[in-house]
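Read the structure below first, then the notes.
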Amino acid sequence: MRAIMLHEPGDPANLEWTEVGDPVAGPGEVLVEVAATAVNRADLLQRRGKYAPPPGASDILGLECSGTIAELGEGVTGWQVGDEVCALLSGGGYAQRVAVPAGQLLPVPGEVELVAAAALPEVACTVWSNVVSLAHLAEGETLLVHGGAGGIGTHAIQVGKALGATVAVTAGSDERAEACRQLGADLAINYRTQDFAEVVRTELGGADVILDNMGAAYLERNLSALATGGRLVVIGMQGGTTTELNLGALIAKRASIAATTLRARPAEEKAAIVAEVRDQLWPLVEQNRVRPVIDQVLPLSRAADAHRMLEQGGVFGKLLLTAR
Ligand SMILES: NC(=O)c1ccc[n+]([C@@H]2O[C@H](COP(=O)([O-])OP(=O)(O)OC[C@H]3O[C@@H](n4cnc5c(N)ncnc54)[C@H](OP(=O)(O)O)[C@@H]3O)[C@@H](O)[C@H]2O)c1
């Protein structure tokens, strides 16, 4: 098969579309003939040598894919050769074939096309496990999503609205803020020109749940934007890892902070998240209330260009790469 190989960490130009050996489906795994994969921010870090794959994972980039089951490994039940699926991966998606633990497979939902389904697993599992399972966003509450125009953000807007929440987002320009409103956001704040904490407090009385990609740079303002009893979930560190925390501000609001990562979780935890997504989120996708948001689809051989595009900014939703 062909895959994108990274011969040494560095620039996008180091990504090479080349011939490699096929993966093998071990016990409990299936072999997927990849239709498409997606570019994630973690891929950019891994390419630069700053995010090693977890032990046992493929060293090929790619955290999600869609495709067709080509082979079943020993002991796999509930799936057939030929089934169209999408999958959460620990790595290996930038390739024509990938071996996946069966617990990380999802059926292609509703009217979603096979290629488009590659836009779903990573955002669906991240948003559902953090916003719903961990932070317990409830109907009538307010959700603040940072980076509303990104892959995670465009999905979180739709999930928040489908669950009956008021959704506020931050975005890097008025145009991107408007695109978030078109997708359903009730309030979209240009983080370059406005103080999001002040706007969320004055317009909405604070946020019950915040999904944060900025880490240290936003901790203080996130605490100030939280409502009493609010839950801040940090999933990204685009604004750094280290800062001071005012516990007084946390206690006064009876608020909580969590920080999580999906990729490093053991396979059983990933399978539990995937099962919850299939049970609870997939019906919303079947009903077209949550859809993949895709900026562009490029061939996998152009992975380097896709990395440059994500690094430059301006992508709305997800960038997909087709494997054939
Ligand atoms: N922990 C986990 O398990 C997990 C899983 C998946 C993703 N993540 C993380 O979640 C974050 C979002 O992922 P993604 O796939 O959506 O990436 P993405 O599509 O590249 O989006 C990144 C977003 O960051 C926004 N941003 C940049 N500077 C900002 C600022 N100062 N304030 C607010 N937003 C800002 C961008 O907004 P504009 O473009 O509008 O400026 C963009 O929407 C990343 O940090 C990623 O690593 C974590």
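The values are calculated or read from the model by the stated rules, or taken from the named source; none is laboratory data. Given the structure is predicted, the values throughout are model-derived calculations rather than measurements. Positions of Cβ are generated from backbone atoms using ideal geometry, with glycine treated the same way; all protein chains shown enter the neighbour counts. Keep in mind that these areas ignore ligands, DNA and RNA; they rest on the heavy atoms of the full protein, side chains included. Shrake-Rupley method; radii C 1.70, N 1.55, O 1.52, S 1.80 Å.
What are the pairs, 6+ residues apart or on separate chains, where a residue within region 245-258 that is within 18 Å of Val131 (Cα to Cα) has its Cβ under 9 Å from a residue that is of a type in the set (S, T, N, Q) and assigned to a helix (DSSP H, G or I)?
The qualifying pairs are Ile257/Asn222; Ala258/Asn130.
For Lys253, indicate whether it is modelled with pLDDT of 95 or more, among the charged types (D, E, K, R) and farther than 24 Å from Ser90 by Cβ. Working first, answer last.
Values: modelled with pLDDT of 95 or more: yes; among the charged types (D, E, K, R): yes; farther than 24 Å from Ser90 by Cβ: yes.
In short, yes.
For residues in region 180-207 being open to solvent by less than 30 Å² (accessible area, probe 1.4 Å) and outside any strand (DSSP E or B), which is farthest from the ligand (Cβ to nearest atom)?
Filtering region 180-207 for residues that are open to solvent by less than 30 Å² (accessible area, probe 1.4 Å) and outside any strand (DSSP E or B), the one farthest from the ligand (Cβ to nearest atom) comes out as Gly206.
Can you confirm whether Glu113 is within 12 Å of the ligand (Cβ to nearest atom), surrounded by fewer than 23 Cβ atoms within 10 Å (Cβ to Cβ) and over 30 Å from Pro55 (Cα atoms)?
Details: within 12 Å of the ligand (Cβ to nearest atom): no; surrounded by fewer than 23 Cβ atoms within 10 Å (Cβ to Cβ): yes; over 30 Å from Pro55 (Cα atoms): yes.
In short, no.
How many residues are surrounded by fewer than 24 Cβ atoms within 10 Å (Cβ to Cβ) and in contact with a helix residue (DSSP H, G or I) (Cβ under 7 Å, 6 or more places away or on another chain) when one looks only at region 28-40?
Restricting attention to region 28-40, the residues satisfying the condition of being surrounded by fewer than 24 Cβ atoms within 10 Å (Cβ to Cβ) are 28, 31, 33, 40.
After this cut, where a residue has to be in contact with a helix residue (DSSP H, G or I) (Cβ under 7 Å, 6 or more places away or on another chain) as well, the list is 28, 40.
Looking only at that region, the number is 2.
Can you pull out the residues in region 128-155 that are open to solvent by less than 30 Å² (accessible area, probe 1.4 Å), more than 9 Å from the ligand (Cβ to nearest atom) and in a helix (DSSP H, G or I)?
Trp128, Val131, Val132 - these are the residues of region 128-155 that are open to solvent by less than 30 Å² (accessible area, probe 1.4 Å), more than 9 Å from the ligand (Cβ to nearest atom) and in a helix (DSSP H, G or I).
Conditions tested, residue by residue: (1) on the phi < 0 side of the Ramachandran plot; (2) within 14 Å of the ligand (Cβ to nearest atom); (3) assigned to a helix (DSSP H, G or I).
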residue	(1), (2), (3)
Val209	yes, no, no
Leu219	yes, yes, yes
Leu232	yes, yes, no
Thr242	yes, no, no
Leu262	yes, yes, no
Ala275	yes, no, yes
